[in-house]
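Just so you know, all these numbers are worked out from the coordinates, no wet-lab data involved. Source: prediction; values computed, not measured. Note that each Cβ is placed from the backbone with ideal geometry, even for glycine, and that neighbours are counted across all protein chains shown.
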Amino acid sequence: MKEAELRKLIKEEIKNVLNEKYDGDAVLPIGVTNFETGDNKSFNIYDTWNNKGYINVFKKLQPPQLSLDSTKLSDKLIGVISSGRGSGKHTMSHSQGEFFHNDTGRSLGKWKYIEEIPLKDKKKLVQKYKKLRLFVYK
């Protein structure tokens, strides 16, 4: 293959990737969060959301196609935090869906919706989950 043909092929592939549509919810990782304290590697969820947010809990259906930041997303359960009730409506209405990393576009796999718990119900979060890897909807 000639260099000019290869360059053209690469440009077309880049264009295809940039125009790719995602059928899922964009999320950003905020780290493993301890529900007793509300702390994760970046901030405290109780202070940030003033106990007015919600944790949407999901169970893994299949592994992600690509790894997240060079580490495998091996958790069986994750939480996606939101400021409003029912923020995961698309995923909840279909009872399952796919998440992708908002910054990189990488698939985080397919997940089944389990439940939504208000942050103000700290006791339930601690008793049921203790800590989860959390993401935030974008």
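Fewest first, what order do S82, S95, S42 take by the number of other Cβ atoms within 10 Å? Let's see the in-between values first.
On the way: S82 19, S95 9, S42 12.
By the 10 Å Cβ count, ascending, the order reads S95, S42, S82.
Students often get this wrong, so check it: of K41/K124; K76/K128; K52/K112; K76/K112, which have C-alpha atoms separated by over 20 Å?
On the way: K41/K124 22 Å; K76/K128 14 Å; K52/K112 24 Å; K76/K112 10 Å.
Violating the 20 Å limit, Cα to Cα: K41/K124; K52/K112.
Tell me, K128, K52 in order of fewest to most beta-carbon neighbours within 10 Å?
On the way: K128 15, K52 12.
Fewest-to-most Cβ neighbours within 10 Å comes out as K52, K128.
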